[in-house]
1. Mind telling me which of the residues Glu261, Glu221 ends up being assigned to a helix (DSSP H, G or I) and closer than 30 Å to Arg26 by Cα?
2. Could you please let me know if Arg151 is outside any helix (DSSP H, G or I), over 30 Å from Arg21 (Cβ atoms), among the charged types (D, E, K, R) and within 12 Å of the chain's Cα centre (by Cα)?
3. Output the residues belonging to the stretch 192-228 that are more than 20 Å from the chain's Cα centre (by Cα) and of a type in the set (A, V, I, L, M).
4. What pairs come out if I take residues in the stretch 226-244 that are farther than 22 Å from Leu54 by Cβ and pair them with residues that are among the β-branched types (Val, Ile, Thr) whose C-beta lies under 9 Å away, six or more apart or interchain?
5. For the stretch 95-132, which positions are in contact with a Pro (Cβ under 7 Å, 6 or more places away or on another chain) and farther than 26 Å from Ala190 by Cα?
6. I need a count of the residues in the stretch 116-138 that are in a loop (DSSP other than H, G, I, E, B) and open to solvent by 10 Å² or more (accessible area, probe 1.4 Å).
Amino acid sequence: MPTPPPTGPLCTRDSLTEQLRALGVRRGDTLLAHTSLSSLGWVSGGAEAVVLALFDCLGDEGTLVVPAQSSDNSDPAEWGNPPVPASWWDTIRATMPAYDPRTARTRGVGVVPETVRTWPGAVRSAHPQTSFAAVGPRAEALMDGHALDCRLGERSPLARLERAGARVLLLGAGFDSCTAFHLAEYRLPAPLVENSFAVMTDEGRRWTTVREPSLTDDRFEELGADYERDRPVARGTVGAATARLFPLAEAVAYAEGWLAEHRPRTAGIEAGEA
C-alpha cells in the first residue's frame, strides 16, 4: 500500500520567517528557542530551513540560543529509558567518553538544536549534561562559565540570558520544555542530589560526582498556563504549530513565586543520596 502524502502545511524558509516576524521575533534579539520540527508541518529544507528562518528574523545583530543537552553522559544507575543491567554500571562509568562540546551529540531536544550545535561559528557551554549552544555576536559571553555543579542555575547560561534581556520562543514546544523555569527552581529550597558524569580535566578523563539541587519539570505545564493567563505572552501560529514568545526574566520571576506557592519543596538530602 503506498505511503499517503504529507498533510502539511507546506512550510518554507520564507513562510517561516514571515510568521516568526509576525509573532514578534525581532532583529537584534537574544532568543532562547525550544522547538518541535514535526509540529510545524512539512518543512522544505527541514531543520536547516527553520534555523535559517530564525537567523533571517534575528539578523547579524541577533543571537540564537538552544538547549544542547546530552543526558546520556550520566550515572547508568539512574537510566530508565532504557535501563541497563546493574552488572554493566561500573564498566560504563569507567569508559563513558569525557564530554567534548565539539562532538557530544544532543539527546532528547530535537533535530533543530543539533543543527544549531553543528552550525559554523556555534559556541557551546561546558556542562556535560545540560549545555546550551549559541550562534551570534553574544554567543561567547552567554556560553562562558557554565559550572559543573550548576546545571541550570546562577552559573549557567540561563542566568546570563536573564541579564541579557533574552526572550524565550516556544515553537511547537510546550511549557514543560521551558528551561527558564529551572532557573527559578535554583532560587528556592530544594533537595540536594548527587550528579555524575565523565569530564576532561588537566589530569585527563575523570568520572566526577557533584552535589546540587534536584530539578523536576513536574507541573511546568500548569505553571505555564497560569503565566500565560496573568502576563503578556505573544501567541501565534507558525506552520501548523502553536508558538509563544515572552521575556525570559519575567517568566523566571513569575515562576519563583508560583513554585513557592504551588509546588514547595524542602531543602535537604534526597532519599537515597549520601
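The values are calculated or read from the model by the stated rules, or taken from the named source; none is laboratory data. Please read all numbers here as calculations on a predicted model, not as lab measurements. No Cβ is skipped: glycine too gets one built from the backbone with ideal geometry, and neighbour counts run over all protein chains shown. Heavy atoms of the whole protein, side chains included, go into the accessibility calculation; ligands, DNA and RNA do not. Shrake-Rupley method; radii C 1.70, N 1.55, O 1.52, S 1.80 Å.
1. On the way: Glu261 fails: closer than 30 Å to Arg26 by Cα.
The match here is Glu221.
2. Working: outside any helix (DSSP H, G or I): yes; over 30 Å from Arg21 (Cβ atoms): yes; among the charged types (D, E, K, R): yes; within 12 Å of the chain's Cα centre (by Cα): yes.
Judged against the criteria, Arg151 is a match.
3. The initial filter retains those residues of the stretch 192-228 that are more than 20 Å from the chain's Cα centre (by Cα), namely 192-194, 198-211, 226.
Scanning the stretch 192-228 gives Leu192, Val193, Ala198, Val199, Met200, Val210.
4. Tyr227/Val233
5. Filtering the stretch 95-132 down to residues in contact with a Pro (Cβ under 7 Å, 6 or more places away or on another chain) leaves 99, 106, 109, 113, 124-126, 131-132.
Scanning the stretch 95-132 gives Tyr99, Thr106, Pro113, Arg124.
6. Here is the first cut: in the stretch 116-138, the residues in a loop (DSSP other than H, G, I, E, B) are 118-122, 125-131, 136-138.
Filter again for open to solvent by 10 Å² or more (accessible area, probe 1.4 Å), leaving 118-122, 126, 129-130, 136-138.
Of the residues in the stretch 116-138, 11 are in a loop (DSSP other than H, G, I, E, B) and open to solvent by 10 Å² or more (accessible area, probe 1.4 Å).
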